[in-house]
Each structure stands twice: as structure tokens, then as C-alpha cells.
Amino acid sequence: MEKFQTITSTYVPLPIENVDTDQIIPARFLKATTREGFGDNLFADWRYDKEGNPKLDFVLNNPVYSGEVLVAGKNFGSGSSREHAAWAIGGYGFKVVVSSFFADIFRNNALNNGILPVVVSEKFLGELFVSVDKNPKATVTVNLEEQTITNNGTGSAESFEINPYKKECLLKGLDDIDFLLSNKDKIEEYERNRAFAYE
Amino acid sequence: MKTLFDKIWDAHVVATVKDGPTQLYIDRHLCHEVTSPQAFAGIRARGLNVYRPKQTTLTADHNIPTMWQNKPIRDTVSRFQVETLAKNASDFGLTYYGLNNPKNGIVHVIGPENGYTQPGMTIVCGDSHTSTHGAFGAIAFGIGTSEVEMVLASQCILQTRPKTMRINFDGKLEENVSAKDMALYMISQLTTGGATGYFVEYAGEAVRNLSMEERMTLCNLSIEMGARGGLVAPDETTFNYIKGREFAPKGDKWEKAVAYWKTLKSDEGAAFDKEVTFDVAKIRPMITYGTNPGMGMPIDGTIPHLDDIGEAGKISFEKSLNYMGFTPGEKLEGKQIDYVFLGSCTNGRIEDFRVFTQYVKGKKKAGNVTAWLVPGSWQVRKQIEAEGLDKILEEAGFELRQPGCSACLAMNDDKVPAGKYAVSTSNRNFEGRQGPGARTILAGPLVAAAAAINGKITEP
């Protein structure tokens, strides 16, 4: 996994609530057996018409907006556990998703792929949408070390929560499997000592 | 004093990472073809074997056709994914219920019906509806593919301990009101993100009175309000269901297991982070009108007006109704529909087929309706045939298909065309879930049966 570094970037606004993982990557694109290529189909049904032509009213097809940060409405990533949603977001080039609320499984999947989900207040989120509406080249700065996000349009900043272990993983580019594999003796000890074992 | 959730969680803690998540031991791991290939590729790349191969079982369900399963899958990409699953099973020495295996079926149907799912277990699968297994008093939840890889590599997973919520369903259900209606009602009250961060215990008289299959339907939909999982304390209903099934403990081991399982309930006075109570007498047969499962209402209800929706939610609400072709304040009773889907891990079990069949018996399917009846497993299909339900369905103009996830997520050919309305017993009404442009109205099997016969949304 790549190490996560401080990002200052323009951002893409998606002020829709409850964006589920079926929208992020529709099920018919889940037939691959590798992690690559999902970025091309990120938000496929909002992004392309039936013939595969870009829908011009969708934000990813608007050349005015770009950047490594996606800013979305409340409850982002609900529904299916498909990690393909995180692969699609990462594959497209986003490194951070900002929302006022994330679904649990998506949040874990994002973190396991080096994508940082940043939870901000409703107020801060609303201001981000206003700033980018006024100036599409508005930027945000996301500093993981300090756990802060700054709306450079207004200068206002907020701190965000992240589990210290996960923060360390992102900053160092480590994944959970490395940790679990180093812990095998504890697993065997658990198996020997548990009160009730299933066959 | 501990909750049921605490007891099971605490019994599976291997270690706790300082300032971090818990390393949790996993008793049972289920895999299907869609969310596992990258995980197997991952452990191959690391030169690892599956750490505890007896604790992982594979089935093909998401991506398979529901007709002509004895022939090669026509879609070459789908076929390759299923073949990859079979190869992974054989390379790593894992049990695999492939197409045409009598134990094949939807992952959350076959676990319980084979006695593989038991109280007190931790169960994971790369599928959010793993919450279904919570009906047995297990901690069961969906995981991502990186986490599937963790379980394959170490039989453990790193998880932050969720908060606990108890949802009490008091009173007795009205006739014609099902577990699906309880769930859709609950989600409409709590919203689609209302239980995010929580693990739910379902309790109360109405839950105790549910059959195991009904409890599975209720627990299945926990994820649709954001909860990682939902569980029900095991009782005699649970033990009677498990006893004698293939992987259930036998003889002395059965006695020992039941003695342990009887301890699995929340202690009197145990504290939950949140507690909610519903009076089930208020619940009517439910349908959804929007594009998330929280947008539900009684079958004779009216869609909310724009004024009833908070400012931040207005764009999403309008987008949703626009997609569905509905207007604020509209009633849906009497609305013509095009498709009916009976099946999925939510409502694809024998009791669901009994309810549907009983309603359609002696009647005829409406000419304007295409109906897909997809059993959750081969064992469900065999039972349908053993009870003669297939004959009754045939006389009423219905055809039974072969098991799989089918139109619930439309990865195979069972896609609802753009703009068409489908009354579906599945779990998600998201945009495009049943095919690009498809419009899904979620409901229980009885409401689906009435829609199939009348060609429109009607009170059963």
C-alpha cells in the first residue's frame, strides 16, 4: 500500500445523500477477478447513457471539476459490502472521500485500500459545497498526521477522527495481514484455550 | 452483566491492538465467486495457504444463470469467475458447492439449512447480507475482499467493537403481516443509516414468535439500516431447527452444545448503547416507494410531500422519486406493475414459497406480469417439489427457476428492463439494482403474490 501524504487538491462535489455501493459500481461490473480497471466504471449509470456516451449533467463529466478528493452527501457507501466500490474510487484517482457520515463496511474497505474517509460536520460539508459552487477551483487540504481538513475557500478547518492503528497503517503504508501473520502464536493459543470449540 | 453480543464477541477475542481494533477469531467463513477471487490471488501472491481450510466453505450463487445450469455458462466473463472459484477450492483444499451440487444455493440459505450456522459462532462472508445468520444467535457480518484475505490467511479479522442496540418488537402481528413487513417498517422508522455503528439484538414477544426462517428475514435486513449485523437469542425454536441437520453436533456433542447455547442470552439488566421499541400491532403490509430500503410505507399509504423532507435531503428525495416515476403525495395502491421476483437470501426459503403458493392457488397470473420464482437453494426447490407446490404454481401460470441470487442484483440475465416496475421480495431498491433503469418496489412474499395475480399493487 502507498503511504498516505498530506493532500491539497481541488475537489469533486456530489451533494447526494445515501450514495450506495450499487451506484458507485453497479453489480454487472463485478465479474472481474483482479482489482484493476474499476475506475472506468465508477458511477457508471450516472456517468454514461445506455449507449455508453457521457451524461453531460453528471459531475465527473464536467471538466470544471477535478481533483483527488470526492465530497459527498450524508451516509456515503451504504448497501453492498463490495470492495470493488473502494477499488473504483481509488482507480479513478480519488485518495480522500469527505462526507458527514459513512457506512461501516465501505469505511473499512476504503481504509484497507489506502483511501481516507474523512467525516466532517454537516455545516462544514455544506460550506464545502458552497465554496466549490462559487469557485470550482476551490481546494481542500487534508492532513492525516494532524487529523485536520481545511476548506481553503473559507479558511475554516475541522479536525477528524481516525483510529490510531489505522492512521499508523495509512501513514506507513502497512496492511492488516502483515499484522495478523505476525500474531500466529496468539491465534494458536486462542484455539487451544477457548471455552467452546466448533467442529 | 453482559448482552448476548458481548458474550459472543468476548469469547472470540484473540488479542486487542493497542489503541486499535480487536483481533477476532472467526468460526465459519463463507465465500462466493464475486468477492473472493482477489483475496485468493492475494494469499497466492504472499505464498500462503488457507490457514484453517475446514472453516471456509464456497458456493457459486451471485453470478449464475437460473435456467439451464447443467450447460456451460454462456457469459464467458461470468463463467471464468465461477471457474476461478472452483480452481481456488481445489488448489486450497476447500469444500465447494458448485453448480448442480445438491447443496448449492445462495450462501445465506445453504449455511443454515445444512446446520453449518450455529448459535454463538462468529461467521463472516464477503457479502453484506451475512447478517442473516444472526437469526441463530451468531455474530455474523459482511466483510470486504481485503478482509476475506485476512480470514483466509489467519482465520482472524481486525474489527472495531461496534455499539449495541436492542430493538424490541412488542405484541402480536396482524394476520397477513410478515417478518419482511416488520423489517421494512423498522427501516422506514430508523432510516437507512439509523443503525450504522451498531450491532442489533432483536427481542420481544413478536420476535420470539417468529419461525427461524422469519428470523432470518429480519436479521438479513439489518444491514439496510446500516447495522453490521442483527441477532436473536437462541431458544427452543432455534435448537429444533438445527437438530439433525448435516453439520449439527450429534449425540453427546449435541447435549453439550445446547447446554452452552442456552447461556447465550442478554443478562437481565444488561446495558445497551441504544434501545428502541416498536408495537407490532401498528405494522401493516409494507412496500417501498423510493430508491433505498428506508423509503417504505404501508401498502395503502401515501408518499411523503416535499415539505416533509429536511433541506439537505430534498435533492436526493426528488432524484429518487424522479427515478421511480412517482410524485410526492401519491398513493401506490392500484398502480400497475410489470415484474414480480420471489427469491433472494431475504425471501427465497420454503416458507416464502408456501405463502406465495397459498395465495395464487386456484388463481391465474396477470397477463401483464413477468414473474421470476427463484428458490434460494436446490434443497428449497426439492422441498417445493416434494410438497407439490410446483404443480400449483404451474397451474396458476408460474414457472419455477433454478437457484441463485438472480434478479436481486441482476448480475446474470435476470434483469428488469429500464422503466419497468418490479415488486420484489429481495432486499434493495437502489437505482439500477435489478437492471439499469429498473424500478424496484420491495415487499414481502404475500404482497408479491397479490401483485402477480392482480397485475397491480393490491392489499393481499
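Any read-out appearing in this document is the output of simple, stated calculations on the displayed coordinates, not a laboratory observation. If you're wondering where the values come from, they're calculated on a predicted model, not measured in any experiment. All Cβ positions, glycine included, derive from the backbone under ideal geometry; neighbour counts span all protein chains shown.
Remarks
- Unit charges on C-beta of K, R, D, E only; dipole of the protein assembly as shown, Debye: 1100
- Dipole check for chain B: with +1 at the C-beta of Lys and Arg, -1 at the C-beta of Asp and Glu, and the Cα centre as origin, the magnitude is about 940 Debye.
- Mean-position separation - Cα centroids, the range A:74-128 and the range B:101-143, in angstrom: 27
- Volume in Å³ per residue [convex hull over Cα atoms, computed for the range B:46-109]: 104
- Placing R0 at 56 angstrom, the Cβ-Cβ distance between A:Asp57 and B:Asn101 gives a FRET efficiency of 0.75 after rounding to 0.05.
- For B:Lys253, the aspartates and glutamates whose Cα comes closer than 14 Å to its Cα, not counting residues fewer than 8 places off in the same chain, are A:Glu199.
- Across peptide B:137-146, the mean count of Cβ atoms from other chains lying within 10 Å of each residue's own Cβ comes to 5.
- Test item: B:32-43 mean partner chain Cβ contacts at 10 Å: 3
- Note on A:Glu191/B:Thr263: beta-carbon distance plugged into 1/(1 + (r/R0)^6) with R0 of 25 Å gives a FRET efficiency of 0.75.
- Taking every DSSP beta bridge that has both ends in chain B, the antiparallel portion is near 25%.
- Only Cα pairs under 8 Å and 6+ residues apart enter the sum, and on that basis the relative contact order of the range A:132-199 stands at 17 percent.
- Its Cα centre serving as origin, the range A:131-199 has a Cβ charge dipole (Lys and Arg +1, Asp and Glu -1) of approximately 280 debye.
- With the helix formula -39500 (n - 2.57) applied to DSSP H stretches of n ≥ 4, chain B reaches a computed 222 nm mean residue ellipticity of -9000 deg cm²/dmol.
- With a cut-off of 15 Å on the backbone N, the residues of the range B:164-199 near the modelled label site 7 Å out from B:Glu459 along Cα-Cβ are B:174-177.
- Computed from the C-beta positions of B:Lys319 and B:Glu255, the FRET efficiency with R₀ = 56 Å rounds to 0.50.
- Extension gain, B:Asn49 to B:Lys71: 0.36 nm times the residue separation minus the Cα-Cα distance gives 4.7 nm.
- Counted charge near B:Ile309, where neighbours are those whose Cβ lies closer than 11 Å (Asp, Glu -1; Lys, Arg +1): -4
- Between the residues A:Leu181, B:Gly376, A:Gly52, the greatest Cα displacement towards the positive end of the dipole of the protein assembly as shown, with unit charges on the Cβ of Lys, Arg, Asp and Glu, is found for B:Gly376.
- 10 Å Cβ neighbours from other chains, averaged over peptide A:81-88: 6
- Global form of chain A, assessed from the alpha-carbon gyration tensor, a/c cut-off 1.5: oblate
- Our note on the geometry: Cα centres of the range B:406-420 and the range B:296-366, 16 Å apart.
- Here the gap between B:Arg208 and B:Thr327, fully extended at 0.36 nm per residue and compared with their Cα-Cα distance, gives a gain of 39.0 nm.
- Simple spin-label estimate for A:Thr141 and B:Asp279 in nanometres, 7 Å along Cα-Cβ: 5.7
- Judged by the gyration tensor of its Cα atoms, with axes a ≥ b ≥ c, the protein assembly as shown is rounded; a/c sits under the 1.5 cut.
- Rounded, prolate or oblate (a/c below 1.5 giving rounded, otherwise prolate when a/b exceeds b/c) for the range B:90-173 by Cα gyration tensor: oblate
- Label-zone membership for the range B:119-154, site A:Leu181, 7 angstrom Cα→C-beta point, backbone N under 11 Å: B:153-154
- Straight-line cross-link partners of B:Lys361 among the lysines, defined as a Cα under 30 Å from its Cα and at least 8 positions apart when in the same chain: B:Lys103, B:Lys172, B:Lys180, B:Lys282, B:Lys331, B:Lys335, B:Lys382, B:Lys391, B:Lys415, B:Lys420, B:Lys456.
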